[in-house]
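Engineer: Okay, here's the structure, questions in a sec.
The values are calculated or read from the model by the stated rules, or taken from the named source; none is laboratory data. As the structure is a computational prediction, the values presented were derived from the model and not from experiment. Here the Cβ positions follow ideal geometry from the backbone for every residue, glycine too, while neighbour counts run over all protein chains shown. Accessible surface areas use protein heavy atoms only, side chains included; no ligands, DNA or RNA. Shrake-Rupley method; radii C 1.70, N 1.55, O 1.52, S 1.80 Å.
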Amino acid sequence: MSVAHANGTDPREHSSRPPSGVARPPGRPRDTRRDPLIIEATLTELAANGFGGLSMEAVAAAAGVGKATVYRRWPTKGALVAEALATLATSHEPHDTGSLRDDLVATVNAVRRHSIQTLSGRIMPRVLAEKESHPDLFDTYRQQVIVPAREQVANVLRRGVASGELKADLDVDLATDMLVGPVSYRQYTAGSNEVSGTRISQIVDTVLGGIRAD
């Protein structure tokens, strides 16, 4: 009689068992390869139709997957859109040419281009229109897109304060509003063609006239 039979066990049985104390997860492991397609389809649908007009069925069709695949990953539309918005965070290369004025023009221009030419920029009017009915989604967008864009401009202003070019007691948050606000207002009320590089230069020069150190 073999050792295995002598102690009442068969070593072949152990090969199919999980290690002691480790529970085998139910079902098959989640396949995440389709997730980027679903997220991209969600953002595209959100930009086109807003949260109210977005459907899980349309997202599934655009991503080329079954509706069950979407629901298996995100049980509600809110969960899906929230995760999609969280992917919009981007890193930006800082502008530091040695000229405060040129850096501000370049940075505000970068913010303008990002809000006009990218998917996240096209989503902005949609989430803003539904801010009251879906405040959590707008807050996610604000944290992922708006705050980082403002921080680019604020960092240039802080460098100006540190170098002594700008007033020591400058309200950086207010000055950022003064630089970014007119661009956003004109973009969303007069059309993107109205926000030219010349206009941005004029905005920067006007604001700098009031915040330079004496």
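Engineer: At R0 = 30 Å, how high is the FRET efficiency between LEU119 and GLU165 if r is their beta carbon distance? Nearest 0.05 is fine.
Structural biologist: 0.25
Engineer: Let me check I've understood the local charge: for ASP136, count other residues with C-beta under 12 angstrom from its C-beta, Lys and Arg +1, Asp and Glu -1. What total comes out?
Structural biologist: Spelling it out: positives minus negatives among the neighbours equals -1.
Engineer: Right, next: So for region 79-214, Kirkwood radius off the Cα pairs, Stokes-Einstein at 4 °C and 1.567 mPa s: how many µm² s⁻¹?
Structural biologist: Taking Rh from Cα pairs, D becomes 83 µm²/s.
Engineer: While we're on this one: May I ask you to derive the relative contact order of region 120-214, considering only C-alpha pairs under 8 Å and at least 6 residues apart, and to give it as an integer percent? Working shown, then result.
Structural biologist: Numbers: 50 pairs, mean separation 23.3, N = 95.
Rounded, it is 25 percent for region 120-214.
Engineer: Taking every pair of alpha-carbon atoms in region 65-125, give the share separated by more than 12 Å as a whole percent.
Structural biologist: More than 12 Å apart: 75 percent of the Cα pairs in region 65-125.
Engineer: Using the charge dipole of region 89-214 (Lys, Arg: +1 at Cβ; Asp, Glu: -1 at Cβ; taken about the Cα centre), state which of SER201, PRO148, THR176 has its Cα farthest towards the positive end.
Structural biologist: SER201
Engineer: Could you check how much of the accessible area of region 114-214 is carbon and sulfur, as a whole percent, using a 1.4 Å probe? Write down the numbers at each step before the final one.
Structural biologist: Details: 2750 of 5530 Å².
The nonpolar share, carbon plus sulfur, comes to 50 percent.
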